[in-house]
Amino acid sequence: MIKLLKEMSRKDLIIVLLCFIFMLFQVWLELKIPDYMSSITQLIQAEDSHMSDILIKGGYMMLCALGSLISAVIVGYWAAGLSANFSFKIRHKIFNKVSAFSMEEMKKFSTSSLITRTTNDVTQIEMLIGMGLQMMMRAPIMAIWAITKILDKSIEWSALTGAGVILLLVTIGSVMIVVLPRFEKVQKLIDRINGVTRENLTGIRVIRAFNAEDYQEKRFEKVNSDLTNMQLFNQRMFAILNPVMNIVMHFLTLGIYFIGAYLIEKAMMGDKIVIFSNMVVFTSYGMQVIMSFLMLAMIFMLLPRAQISAKRINEVLDESISITDGDFNGKTKEIGTVEFNNVSFKYPDADEYLLKNISFKVKKGETVAFIGSTGSGKSSLINLVPRFYDVTDGEVLVDGVNVKDYTLEALHNKIGYIPQKAVMFTGTVSENVAYGDNGRNKPNLKKIKEAIDVAQGTDFVTQMENQYDSHIARGGTNISGGQKQRLAIARAIARDPEIYIFDDSFSALDYKTDATLRSELKKYTKSATSLIVAQRIGTIINADQIIVLDKGECVGQGTHEELLKNCDIYKEIALSQLSKEELENA
């Protein structure tokens, strides 16, 4: 928690200081009221008092109450602004941190957990700051100041108040010991309920197709019941505090009056009024002390959960980034070249290498394709170029420079990446194609139309209601898989990159569209380098170089014709898709 609070700016600290000053003023005004009550009590009993004297004291009491109200409003306004500004900064910092995560870090946190940490966990801290800034400062000030005012009134009353405070502290401490470990479980259960809800929404079509609504409902009921039961237990434990507080307050009042009646009975006539006046003041101050601890109890209800939330947020903010910027962002002698030198790679949590001693070089304008069985490492290999992961051994060079030496921005500006699963963002067709910043001017409408045309998307885009301004839902749920792939390809084309990376990006296209798109793409990108991962022989048959992978090793490298002659694995894949006659005529 303290680590997060260090994020406060100098302006925020000044506001905290001003809140503290106004809180002192507020407490001073509230504690002056019992003094005026004592004076009024004595004036009523005095024979030489006048009504004007009583009204003046009463007026002072009203002014104190009004001043206390104004101070409370000012502090509340500043506290609300401070807590909202603080949560804004923390959410912004979490978002930026997560945006910098590599695939390795992303695997450590589930999507639902990151959502909870960015929303619910930050809200817990915001609530603590908003309420805590008022109560956490007010309660100790009020308690200490009130205690100093009553210590010299009566040893009996002071001892009774002390006993009440001890009982409250023991109750609060016992509740905290029981509840605190469960708060971490609550946040994890919120992660789980977010995860199940997210799965249900994203997989709704599959769920309905398999009549799995009841199964999903039971899954949700299970996590929802777990969360509800945990929260019920916590709230029941906190519910103990309220009756204990009331019992202590009422018994303290009764005890003060009981002791006061005894002292008044034993006192001399001249001291009875003074004792009665002190009893009235002490009752008021005693209630202030108890109310102070009541406010502290409310803070203790918020503090444990906020501490757990702060710990979870710090886990994200403290996560070390495995892939960091290099220093190079200048011009290179080579353009459009990609080279792998004895590259081996294994995932951070794996024991065995997925890729072993891969070496090849792609020159400007060449097309290199990667083919192999499922799990042979094709996608993992090309993911090393944009540094989604870093190589374990060896090096990957882009334009003659190690990718680790580039700034990530400079490296990614050279690349047009089309992922295996096409990703669409909420917005229009044009916004999705012109997405991002490639270090140059953003594509204009003419460029967007040209890119969509090359990607064979003009037919379906022009048939949409608003054409290039037509709405695309999040994830592209309102268009087909093939349409998403074509828009994803158009997005890469609109960047005019040096290097295209196609990660099985033609799988959702029919053979005719696939062939036409590749033909047009070859004309349009003749000066660019292309790296293609594919399952279809027809997609890669005309590549300048085909690399065959099997169990992470390069078992064949050459053109289609060469591999048919000297690579059994490639020949086996080819014959599983095309007949001998088709291969001979290809």
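The values are calculated or read from the model by the stated rules, or taken from the named source; none is laboratory data. What you see is a predicted model, and the numbers here were worked out from it, not measured in a lab. Cβ: placed from backbone, ideal geometry, glycine included. Neighbour counts: every protein chain shown.
Determine whether Val368 is of a type in the set (A, V, I, L, M, F, W, C), part of a strand (DSSP E or B) and at pLDDT 85 or above.
Numbers: of a type in the set (A, V, I, L, M, F, W, C): yes; part of a strand (DSSP E or B): yes; at pLDDT 85 or above: yes.
Yes.
For the range 518-542, how many residues meet the condition of being touching a residue at least 40 places away in the same chain (Cβ under 8 Å), within 15 Å of Ile499 (Cα to Cα), part of a loop (DSSP other than H, G, I, E, B) and not charged (D, E, K, R)?
Here the count works out to 2.
Give me the residue from the range 232-243 that is surrounded by fewer than 18 Cβ atoms within 10 Å (Cβ to Cβ) and of a type outside the set (S, T, N, Q) and, out of that set, farthest from Leu169 (Cα to Cα).
Per the stated criteria, the residue is Leu232.
Hey, among Glu409, Glu465, Glu395, which residue is assigned to a helix (DSSP H, G or I) and not aliphatic (A, V, I, L, M)?
Only one candidate passes the filter, namely Glu409.
Go through the range 211-247 and report how many residues are farther than 20 Å from Leu180 by Cβ and among the β-branched types (Val, Ile, Thr).
2
Checking Lys446 against (1) over 18 Å from Leu521 (Cα atoms); (2) free of Cβ contacts under 8 Å to residues at least 12 places away in the same chain; (3) over 34 Å from the mean Cα position of the chain (by Cα): exactly one of these is not met. Which one?
(1)
Give all pairs with beta carbons closer than 8 Å in which a residue from the range 363-385 that is closer than 26 Å to Thr324 by Cβ meets a residue that is β-branched (Val, Ile, Thr) and assigned to a loop (DSSP other than H, G, I, E, B); count only pairs at least 6 apart in sequence or on separate chains.
The qualifying pairs are Leu384/Val391.
Tell me, please, whether a residue that is farther than 30 Å from Leu241 by Cβ, out of contact with any strand residue (DSSP E or B) (no Cβ under 9 Å at 6 or more places or on another chain) and at pLDDT below 80 can be found in the range 340-348.
Yes, there is a match, as at least one residue in the range 340-348 is farther than 30 Å from Leu241 by Cβ, out of contact with any strand residue (DSSP E or B) (no Cβ under 9 Å at 6 or more places or on another chain) and at pLDDT below 80.
Mind checking which pairs have a first residue in the range 451-477 that is farther than 25 Å from Thr202 by Cα and aromatic (Phe, Trp, Tyr) and a second that is assigned to a helix (DSSP H, G or I) and modelled with pLDDT of 80 or more, Cβ under 6 Å, 6 or more apart or different chains?
Filtered contacts from the range 451-477: Tyr468/Val429; Tyr468/Ser430.
Only residues in the range 238-264 that are within 18 Å of Ile299 (Cα to Cα) count as the first member; pair them with residues that are among the aromatic types (Phe, Trp, Tyr) and crowded, with 18+ Cβ neighbours inside 10 Å, Cβ under 7 angstrom, at least 6 apart or cross-chain, and list the lot.
If the second residue must be among the aromatic types (Phe, Trp, Tyr) and crowded, with 18+ Cβ neighbours inside 10 Å, no pairs are left.
Given (1) modelled with pLDDT of 75 or more; (2) part of a helix (DSSP H, G or I); (3) not basic (Lys, Arg), identify the lone condition not met by Leu294.
(1)
Hey, Ile290 hits all of (1) free of Cβ contacts under 8 Å to residues at least 12 places away in the same chain; (2) farther than 30 Å from Asn402 by Cα but one; which does it fall short on?
That leaves (1) as the condition not met.
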